[in-house]
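I have placed the structure first, in the form of C-alpha cells, so that the comments after it can refer back to it.
Derivation of every value follows stated rules applied to the coordinates shown; laboratory data play no part. Keep in mind it's a predicted model, so treat the numbers as computed, not measured. Every residue, glycine among them, receives a Cβ derived from its backbone with ideal geometry; neighbour counts consider all protein chains shown.
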Amino acid sequence: MRQELLSNGRYDEARGTKKSAYQGSYTVTGNHIDYIDDTGFTATGDVINGVLYHEELVLYRER
C-alpha cells in the first residue's frame, strides 16, 4: 500500500498493483487526519513519532 498526501488537501492511495485505487480529500488537525474518499467513505489516522496509524494500518514515510 502507498498513500500520497498531496499539498492541495487531496490524497492518492495505491493498493497492490492498482495505482490510484482510492482518491479523496483529507484534513489535518494537530496530529490527527480525517479522510473522505471520492465515494463518501470516511477514515481517520493519527501521526505518532512520524508514523501514520491509519485505521488498522501502520504506514511509514518512504525515504
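Of note:
- Positive-pole candidate from GLY30, ILE48, GLN3, dipole of the chain, charges at beta carbon: GLN3
- Its Cα centre serving as origin, the chain has a Cβ charge dipole (Lys and Arg +1, Asp and Glu -1) of approximately 300 debye.
- Whole-number D in µm² s⁻¹ for the stretch 2-59, Kirkwood Cα-pair radius fed into Stokes-Einstein, 37 °C, 0.692 mPa s: 282 µm²/s
- Segment ASN31-TYR60, extension gain: residue separation times 0.36 nm, minus the distance between their alpha carbons: 9.0 nm
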